[in-house]
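Since the structure comes first, as C-alpha cells, the remarks are kept for the end.
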Amino acid sequence: MRLVSVTLANVRRFTDPVQILGVGPGLNVLSAANEQGKSTLFDALHAVFFLPHRAKGKEIKALRPHSGGNPEVTVEIDLPEGRHRITKRWMGRETATVHRDGQLVAQADAAEDFIARLMTADSDAGPAGLLWVRQGLTRLEDDAGTATEREKARANRRGLMTSVAGEVDELTGGRRMDRALHRCREDLAQYLTASGRPLKGGPLALAEAAVEDLTARKAELDSTARTLADGIARRLDLRRTLAELTEPEAAAARKARLDEARARHEAAERHAGALEQADARLRAADLAQRNATDRLAALNRARTEADAAARAAAQARAAASAARIAREEAEAALAPLATGLAEARKARQEAEALHHRATAAALVKANAHRRAELQSRLDTARALLADRTALARAAATGPDAKALAEMEKLAQALDIQRGLRDRSAPHLHFRHDGPARVQQNGQPLAADAILAVTEPATFDLPGLGQLTVTPGSSTSGAGLDKAASDLAAALSRLGQPDLDTARAAATARATAQAALSDLDSRLKLLAPDGLARLEADLAALPAAAADPADLPDPATAAAALKSATDRLTQAEAAAEAARTRLDHLREADTRAAVLADAAATAEAKARAALAVDSPEAEAALLADLATARQSRDAALAERDSLAAAAPDRAAVAAALARATSVATGAEDDIRKAELELARLDSEIALRSGEGVLEDLADTAARLQAAEARLAATRTEVEVLKELAAALEAARNEARDRYLEPVMAELRPLLRALWPDAELHFDGESLLPTRLVRGGTEEDLDVLSGGTQEQVALLVRLAFARLLAKRGRPAPVILDDALIFTDDDRIEKMFDALTALAADQQILVLTCRQRAFRDLGGTRLALSPP
Amino acid sequence: MTEFRFLHTADLHLGRRFGALPEDLRGRLVEARHALLPNLSQAAARFGAGHILLAGDTFDSETPSDPVWRQALVAMGAAPDLHWWIIPGNHDSLAAESLWSRLAQHAPANVHLLTEARPVQIAPGVTLLPCPLPRRYPGRDLTAWMAEAETPPGQVRIGLAHGAIRDFSSDGSGADGIIPPDRAATARLDYLALGDWHGRIEVNPRTFYPGTPERDAAHPDARGTCLAVTLPAPGALPVVETLFTGRFQWTEDSLALLPGQDAAALLADRLPADRPARRDQLLRLRVTGRATLSERAALAEAVAAAAPDFAALDLDLAALDTEVEAADLDEIDRAGALRLAAERLRAAADDPARAEGARRISAAALNRLFGYLREDRA
C-alpha cells in the first residue's frame, strides 16, 4: 500500500478542507510549526484505517471541530490492483466508501472490511498499524512542566516502546497464547509453588496429606487388628491348654506320679544312711590296723638307732686320740723355730749399725771439699770489692751521656748563629795594587784578602791612616750572644771549662761505667747471694775430722743390711706358720674330745631305751596287728555290699523334682492361663466393641480412594506441566523465528548509529530491553530519551523493511518521532530513513523545521484544495 | 407335611462403611444396608414364610461396632414369629467368638445362632444341617459331614453353608474348602442354601446362591436379591423365586465412540430414562473408542450436566483415544505458537514409542489447551 493524497474536512482546526497532494513513493516530509495540524493529520489518517465510520467514541469526538460538523477524511492509496480512494465520515451522515479508478467498489461495512483486510495481519505479515508512531514525546523536553505533564510524557514514551511488543504479540497471535499460558500457570499454581513443590493447602498437598494420614491410620489399625486377632487366637490356645490342665484324670495322674517319686526318694535316703555307717566302721578298723603297724615299726627303729649310736661313739673316741697326738707333735716343733728367729734379729741389728757408720764417714769427706771451694770464692770476691770503690767513683765523675748530648746541641746552635752572623756582616775585599799592605792589628793582610767585619775593626792603611769599620746591629747578633751564653751556662753547670774538656770528661765517665759493670758481673758469679752469705756457708760447715780407715763403703754396708733383713723376715714367717698350725690342732683336739663325749652319751641313751625290749613284747605287738587286719577286712566287705545295692540318689531326686515341678507347674499354668484369659477377655471385648475391623476396612477403602485421588491429582499436575512446557517452548520458538528476520533487518540500521551494536529482546514481553554497544550492555530504561526513541524508531523501520520484503509494503508514518535526538545523531537517523525510503514509503511529520531541512525527500504542505 | 416356605439370603455385610465413596453417599449406603432387615421381614411376610436362612457374612467384620450388631438383633426381633437361622461366614467366622458370645447373650428368641455343625430341627419335619465357619479360611469342606448326618425319615433336609463351589485359583490347587457342586445330592438334601458369592447363582435345581440383598459393587444384576423358596415335600424339587431387595443399583456401562458421532446424544440414550430413580444409581461409564477434541469436550460437558442426578456417575475416559482433526487444531489456531504447541502435543500423544501413560498425559494436555481456548473464546 502506498499513500498518494490525504484530504481533511471538518477535522479539528480544519473546518475548511485541506489536502496534501503528491505524496511520493519514498521519503516525504511535512515540516511545519506547532499547531499547524500535523498531529491532526496523523490522527485523521489513523481514523480512516482503524476507526469504523459508525464509531462514536472519544477518539472520533476528538476529531470534531469546536464549531461542530462531521469529520471527513479521504485518502488515496495505490494498491497492486490500482489506485483507490477511501472516504470516511463520522458523527452524522456516516459513510465509508472505497472507489477504484473512480468506481465505487465498496461502501459502509463492505468498505470497512476492505480497509480491515488492508490492516489485518495475514500469516506472518504485520498490520500497518505497527508502523504508526504517534506524536507525544515533545513535552518530555519541557522539564519545567508540571508533574502530571511529565508523567503523561513518560507514559507516552512508554507507550511508544510497548506498542512494539503489542504489535509483535498480534503478529504471533500471542495474546491468546498469553491467556492460555496464564490460565495454565494459574491452574498449576493451585497445585505447585513457583519452585515446583506442592502448594501448602493446595489440592496436591491435601491429597498427599490425606494419603499419608490414611496410610498411618491404616497401619495403626492393622496393628490393632493384628493384636486383636492374635489375642483371639491366643485365647483359643489358652482355653484349650486350660482344659487340658484341669482335666481330672490328668490331675490324678500327676498326683500318683508325685507320690511314687516321694516313696522312692525316702527309700534311697534310708539306704544311704546305712552305707554311711558301714563307711564309719571301715574307717575305725583302718585306724586300729595302722596303730598296730606303727608300734611294731617303732620297736624296730629303736634297735637300729642303738646300734648306730655305738658305732658313732667308737669313731669319736678314735678321732679324739688322733687329734691329741697331732697337737703334741706341733708343740714340740715350735721351740727350734723360736731360736732361729732370735738369731736373725741379732744379725740384722749388727748390719744396721755398720751401715750407719759407713754413711757418716762418707759425709765427712764431702764437707772438706766444700770448705776449700767456698774459701777460694771468698778470697777472689774480697779482692774485686777493693777495686770497685775507685772505679765507682770514676763512673760518677764528669758529664753523663744525656748532659753531653744537651751540650752538643747547644754547641751546634752556637755554630749556626755564628754562620748567620758571618753571612750578614760587611765583607771587606782588599786588593793591593802595589806592595803596600793594609794591616790589622799590625798584621798585614793577604793580597786578595776578604774580611767579614762582625765587630768594629780598625785597619791601618799605610800611607793613609787608619780605617775603622763598625758593622751595624742586627738580630743575628742577639741570637749569637744567647747561644754563646747558653753554652757557657751549661758548661758552668757541669763544672767544665770548655767544650773539649767536657767531651773528654764524658768519655772517661763512660769508660769507668763499663769497667764497673764488668766487675759487678764477676762478683755475682762468685757470690750470688752476697759475700755475707758466702761467709756464713763456710762457717756452717762442720769442722774437719779424722777419716776412719776400716769402714766399708756405704753401698756394701747397705747390701749387708738388706740380706740380714730378709733372713729375719723368713724366720718370722716360719715361726708364725708353726704357731697357727698349733692353734688349729689344739682346737681340733678339743672338738674331738667333745664329740666323743656326746657320742658316748647318745650310746648310753639308746642302750637305756632298749632296756624294755623283750621277745614277749614283740610277740604281743604282732598279735594285735593280726587282729586289726581281720576287723578291717570284715568292715570293707560290709561297706562294698551296701554300696553295690544302693539306688541312684540323683536320679531319684530328679524324678521327685520333676514330679513336683509338673504338679506345681500345672497349678501355676492354670493360674496364669486363667489370669491371661481374663485379661484377653476384657481386651477383646473392648476392642471388639470399637469395631476395629470395620474401621480398618473403612480406612483401607478411604485410603484406596485417596490414593486414586492423589494419582488423579498428580496426573492433572503432569498434564498442566506438560501443557505449560509445550506452550512456553512453542512461544519461545515462535518468538525466535519472528525476531530472527526482524533482527536481520534491524542490525544494519542499528550499526549505522553504533558500530557492532546489538539489541536484546526480553523473551517474555518481546520488548527490546537492552542495547549492547562496545561490549557493554545497558538497559533501555537507563538510556537517554534520544537513544530510546532512536531504538524504538529503528525497530519500527526494521519491521517496515521486513513487511516490504514480504510484498506487503506499508507506509511508515512518524509524527515527531525524533524529539530528543541531537543534531549529530539525527543525521545518521536521516541516513537510515533515506536508505529505507528506497523501497518504502515514509511520511515524516515534524515541527523541527530547521533540523529536518537536511532530511531531503519530497516536501509536503497542507493546502486548500 | 405341608410345603415349607422360607427366604434364603446371605452376605448382608452389616457394618460396611464404603470409605472409598464420597461422604454424603456413604451415610445413605450404610442406612440402606441396615434397612435390609425390616425389608427382608416384610418380604418374608409377603411370601408367607416364617423362616429366613442367613448363609453367612451377616456382618462385614468379625468385630462390628456395638451399634451394628445390637441394632441388627433388635431389627430381627421386631417380628417375633419370624425365625432367623444364622451361620457364621468367612467375614464373621467363629474365630470372632466374642461377637458370637455377645450375640448369643443378646439374641431374641427368634434369632438362632448356628455355631455347631449338627442337625437342628427348625420346624416340624424340617431339619437344617448348618455348616458354621470356625475361622475365616477353614481349609476343608465343611459340608462333608452332611452326607453322614442322619435325620428322621420323611424329614426335609436343608443344608446351610458358606463358601465357594468352584475353585478360581490359577493352578486349581486350592481345592481345600471347596464345596462339591453335587453336595445336595450326596447329602440327600432337598435344598442347599449357600452364601459367599454376591451374585444370584443357581448351581443346580437344589443348590443356590441368593446374591447379596444390597449391592456394594457393580453387577449385571444391578439390584440386590434374595430367594423365596418353597419346598413342596421331602424329595420334591424346590420352587425358587427371586425377590429384589436392594435399594441402590450399582451398574457399570460402556460407551463406544467413533469420531463424528454425537457423543452427548449417545450418552443421553445410555442414561436411564427414569430420572427420579437415578438418585439411587451408582453408574460407572467406561468410554472407549475415539473422539475428536470437540466431541470429547462435549461428552465431558454432558456428563457434568447429568452427574448431579445420580448417587454417583463416574466417567472413565482412560480408554478413550483422542482423535485430533485439522478443524480442531484450526480452532486452537491456524498457525503460530499455539498451533505449534498443539501439534507437538498431538504428536506426543500419538507417538507409539512413548509409554501409554505419557501419551495419555500429552493427549490430556492437548484436551486442556482446547478447553482453555474454547472458554477463552466464549
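The values are calculated or read from the model by the stated rules, or taken from the named source; none is laboratory data. Note that this is a predicted model, so its numbers are computed, not measured. Glycine also receives a Cβ, built like all others from the backbone with ideal geometry; neighbour counts cover every protein chain displayed. Protein only, heavy atoms only, side chains kept; ligands, DNA and RNA dropped before computing areas. Shrake-Rupley method; radii C 1.70, N 1.55, O 1.52, S 1.80 Å.
Each Lys or Arg adds one and each Asp or Glu takes one away; over the other residues whose Cβ falls under 15 Å from the Cβ of A:Ala261, this sums to +2.
Mind running the shape call on the protein assembly as shown? Use the C-alpha gyration tensor, a ≥ b ≥ c as the square roots of the eigenvalues: rounded below 1.5 for a/c, prolate if a/b tops b/c, oblate otherwise.
Working: a/c = 7.09, a/b = 1.29, b/c = 5.49.
Taking the square roots of the gyration eigenvalues as a ≥ b ≥ c, the protein assembly as shown is oblate.
Can you give the net charge of the other residues whose Cβ lies under 15 Å from the Cβ of A:Arg859, counting K and R as +1 and D and E as -1? Result for the neighbourhood of A:Arg859: +3. When shorter helices are ignored and each DSSP H run of at least 4 residues is given -39500 (n - 2.57), the per-residue value for chain B at 222 nm works out to -10000 deg cm²/dmol.
In chain A, which whole DSSP H runs stretch at least 15 Å along their own axis (Cα) and average 0.5 or higher on the Kyte-Doolittle scale? Mind showing how you got there, number by number?
Working: long enough: A:38-50 (18 Å, 0.90); A:108-119 (17 Å, 0.43); A:147-172 (37 Å, -0.83); A:174-189 (21 Å, -1.31); A:203-246 (62 Å, -0.10); A:248-395 (172 Å, -0.47); A:401-424 (35 Å, -0.54); A:475-494 (29 Å, 0.33); A:499-526 (42 Å, 0.14); A:554-609 (83 Å, -0.17); A:615-644 (45 Å, -0.10); A:649-690 (59 Å, -0.02); A:692-753 (85 Å, -0.04); A:785-805 (30 Å, 0.60); A:823-836 (20 Å, -0.19).
Correct list, ordered by number: A:38-50, A:785-805.
From helices alone, chain A scores -24000 deg cm²/dmol at 222 nm; the rule is -39500 (n - 2.57) for each run of n ≥ 4 DSSP H residues, then divide by the residue total.
Sort largest first and round to whole Å: the equivalent ellipsoid semi-axes of the range A:526-664, each the square root of five times a Cα gyration tensor eigenvalue. Show your work: numbers first, answer last.
Values: eigenvalues 2425, 325, 28 Å².
Output for the range A:526-664: semi-axes of 110, 40, 12 Å.
Atom-type composition of the exposed protein surface of the protein assembly as shown places 53 percent of the accessible area on carbon and sulfur (1.4 angstrom probe). Judged by the mean number of other Cβ atoms found within 10 Å, the most tightly packed of the peptides A:422-432, B:65-75 leads the ranking B:65-75, A:422-432.
Between B:Ala347, B:Ala117, B:Ala55, where does the largest GNM mean-square fluctuation fall for chain B, given springs only between Cα atoms within less than 10 Å? Taking springs between Cα atoms under 10 Å, the residue moving most is B:Ala347. With Cβ to Cβ distances under 9 Å as the rule, what net charge do the other residues near A:Ala697 carry (K, R +1; D, E -1)? Residues close to A:Ala697 contribute a combined charge of -2.
Separation of the range A:216-259 from the range A:682-724 is 35 Å, based on Cα centroids. Length, then width, then depth: along the principal axes, the Cα atoms of the range B:249-377 run 50, 34, 21 Å.
Largest GNM mean-square fluctuation across B:Gly235, B:Gly224, B:Gly195, computed for chain B with C-alpha springs under 10 Å, falls on B:Gly235.
Using the 2.2 N^0.38 Å rule of thumb for compact globular proteins, work out how the range A:279-357 stacks up: its C-alpha Rg over that value, please.
That works out to 2.97 for the range A:279-357.
Heavy-atom accessible surface of the range B:4-244, averaged per residue, reaches 38 Å², computed with a 1.4 Å probe. The C-alpha atoms of chain B define a longest principal axis, and helix B:293-306 lies at about 40 degrees to it. Its convex hull of Cα atoms gives the range B:4-244 a direction-averaged projected area, equal to a quarter of the hull surface, of 12.7 nm².
In summary, the aspartates and glutamates within cross-link reach of A:Lys88, defined as a Cα separation below 20 angstrom excluding same-chain residues under 8 places away, comprise A:Asp16, A:Asp43, A:Glu59, A:Glu72, A:Glu76, A:Asp78, A:Asp101, A:Asp109, A:Glu112, A:Asp113. For chain B, the longest principal axis of the Cα atoms and the long axis of helix B:356-377 meet at an angle of about 60 degrees.
The long axis of helix B:97-106 is offset from the longest Cα principal axis of chain B by roughly 60 degrees.
About its Cα centre, the dipole of chain A is roughly 1500 debye, where the only charges are +1 on Lys and Arg Cβ and -1 on Asp and Glu Cβ.
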